[in-house]
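Engineer: Here it is, the structure in full.
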Amino acid sequence: MIQKMKLALGGFALCASAGMVNAQSFPQREVTLIVNFGAGGATDVASRALAQGMEAPLGKPVIVQNKPGALGTLTPAYIAKQKPDGYQVGVVTYSTVAIMPHLMNLTYTINDFEFVAGFGRFRYGVAVRADSPYKNLQDLVAAAKTGKGIFFGAPSAPNNLAMFELGRVAGGKFEQISYKSGTETVTALLGGQVEVIVQNPSDILPHITSGKLRLLASASPMRWVEQPNVLTMKEQGFNVEIDSWMGLAVPKGTPKDVVDKLQAAALASVRNPDVAKRLEGLGVDPSPLTGKQYEETLQTGYVEMGKAIKAANLPRIN
């Protein structure tokens with residue numbers, strides 16, 4: 001009996017030792033970064049820039065895959081169910097954790113993840129086609145107040161929340177059509193499928209420069225550096241602003257040593273001047289947050305967004 005106990009304890013020690021070695025030697029192969037929106041949009045391009053900058057600190061390739069759909073919630077739902085070994089890392093955005101749980105029945109909660117790091121803060125703007133009859137935000141609101149309903153395109157929750165909140169504070173009606181990425185949303189606006197969108201600088205600035213689109217307002221707390229004369233929504237008399245972040249997460253139970261290595265690589269990447277410049281070019285402010293800081297941002301956002309969604313009387317999607 002004693003001999004069996006010794007063997008069992010010896011086996012446990014070997015397993016524990018093996019686990020420590022595995023964590024210390026992570027990664028032994030490529031890491032997959034799964035992006036929750038479609039290829040070509042701001043989240044995708046920013047995530048690819050981050051992934052490239054993570055390769056040197058990790059010493060292994062970081063392969064990017066896209067898993068869009070369900071307003072960005074498919075990726076976190078997938079990541080939450082993966083093996084907690086650090087080889088599957090998900091882009092888990094503010095919208096998917098702080099906003100969408102108030103609007104959808106999801107298979108995950110914030111407690112299903114170990115948060116690795118935050119890496120970017122979005123800016124948003126309200127845009128219409130250059131030939132639109134809405135020359136300014138007041139024109140758009142006036143049309144929405146007629147009750148006919150103004151159709152807008154949005155790929156995620158911060159974008160649509162801005163329009164619904166504008167409708168609430170101004171007494172107008174806006175109706176949403178969902179798309180899988182910012183690129184698809186802009187294409188819909190250019191093609192006339194929707195009348196207005198709320199998107200990031202990278203998605204709409206080229207079309208503003210070419211004269212195809214017009215920026216009516218910054219939907220963020222600050223004006224755009226690229227369009228400094230365009231006022232924020234608040235500056236135009238509408239108490240509406242949106243904020244959103246991007247970050248990385250792995251399944252709950254991933255070893256701390258592995259999370260720490262991923263965090264160090266992500267923070268080194270976003271602090272890399274070349275990566276930071278690429279993010280800024282997308283209209284994304286580089287925002288290096290530790291996993292703990294990012295989780296706290298999401299926890300606070302969950303409470304604040306719950307209040308905003310309730311005030312806007314937004315219906316549940318499912």
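The values are calculated or read from the model by the stated rules, or taken from the named source; none is laboratory data. Source: prediction; values computed, not measured. Here the Cβ positions follow ideal geometry from the backbone for every residue, glycine too, while neighbour counts run over all protein chains shown.
Engineer: If I filter segment 258-314 down to residues being in a helix (DSSP H, G or I) and either among the acidic types (Asp, Glu) or on the phi > 0 side of the Ramachandran plot (or both), which single residue comes out as surrounded by the fewest Cβ atoms within 10 Å (Cβ to Cβ)?
Structural biologist: It comes out as 274.
Engineer: Between residues in segment 84-106 that are without any contact (Cβ under 8 Å) to a residue 12 or more places away in the chain and residues that are crowded, with 24+ Cβ neighbours inside 10 Å, which pairs lie under 6 Å by C-beta distance while being six or more apart or on different chains?
Structural biologist: From residues that are without any contact (Cβ under 8 Å) to a residue 12 or more places away in the chain, there are no pairs.
Engineer: Select from segment 99-123 the residues that are in contact with a Ser or Thr (Cβ under 8 Å, 6 or more places away or on another chain) and hydrophobic (A, V, I, L, M, F, W, C) and write down the one among them that is farthest from residue 268 (Cα to Cα).
Structural biologist: 104
Engineer: So which residues in segment 276-309 are touching a Lys or Arg at 6+ places or on another chain (Cβ under 6 Å) and closer than 18 Å to residue 159 by Cβ?
Structural biologist: The answer is 283, 285.
Engineer: Which residues, taken from segment 265-318, are over 25 Å from residue 182 (Cα atoms), within 17 Å of the chain's Cα centre (by Cα) and β-branched (Val, Ile, Thr)?
Structural biologist: Passing the criteria: 290, 300.
Engineer: Spot the failing condition for residue 94; the list is (1) over 20 Å from residue 288 (Cα atoms); (2) of a type in the set (Phe, Trp, Tyr); (3) touching a Gly at 6+ places or on another chain (Cβ under 9 Å), and only one is missed.
Structural biologist: (1) is the only condition that residue 94 fails.
Engineer: Separate question: Looking at (1) without any contact (Cβ under 8 Å) to a residue 60 or more places away in the chain; (2) among the charged types (D, E, K, R); (3) closer than 25 Å to residue 149 by Cβ, can you tell me which one residue 212 breaks?
Structural biologist: Exception for residue 212: condition (1).
Engineer: Could I ask something else about it? Quick check on this structure: which one of 211, 253 is exposed (fewer than 15 other Cβ atoms within 10 Å of the Cβ), in a loop (DSSP other than H, G, I, E, B), of a type outside the set (A, V, I, L, M, F, W, C) and not assigned by TED's automatic domain parsing to the domain that holds residue 129?
Structural biologist: Values: 211 fails: not assigned by TED's automatic domain parsing to the domain that holds residue 129.
Answer to the check: 253.
Engineer: Return the residue satisfying two criteria in turn: it lies in segment 132-177 and is crowded, with 23+ Cβ neighbours inside 10 Å and polar (S, T, N, Q), and of such residues it is modelled with the lowest pLDDT.
Structural biologist: 156
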